[in-house]
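Take a look at the structure below.
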Amino acid sequence: MTTLGKRGNRHKHHPKAHVKPADEEPKIASAISRKFQMSEDIIAGAPLLMGYGRGRLCIENYRNIIEYTDSLIRIQTKTGRIHIIGRNLVIAYFRDDGMCVVGEIGTIEYH
């Protein structure tokens, strides 16, 4: 039973639950990952990092490059920022779907 106020709104003690589209993303990703037997992270667009020793790091699912110097590369992803800190860092390539950093990688930070 719903108690309506003067303007037809729900009573203040029974607020209507608002669901944001972002709140639904994990549920949708989970259902799709089960159906196609794929990782939820990949379906949800989370960044995928592949390190090859300390000299090469490839990143998939990034949005853009925020800062690029030979000692710091800051990258924006859907879920936050990634900072690659080191020496002689160079972006070997970048495309819409992925990029690769080479150099002396010291630290990878998530912000």
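3J(HN,Hα) along the range 80-89: x, 10, 10, 10, 10, 10, x, 10, 6, 6 Hz, from the Karplus curve 6.51 cos²θ - 1.76 cosθ + 1.60 with θ = phi - 60°, whole Hz, x for Gly and Pro.
Panel order for Tyr68, Tyr62, Tyr52, by other beta carbons found within 10 Å of each beta carbon, from fewest to most: Tyr52, Tyr68, Tyr62.
Read the figures in this text as sums done on the coordinates, not as results from a lab. All of these numbers come straight from a predicted model, not from anything done at the bench. Note that each Cβ is placed from the backbone with ideal geometry, even for glycine, and that neighbours are counted across all protein chains shown.
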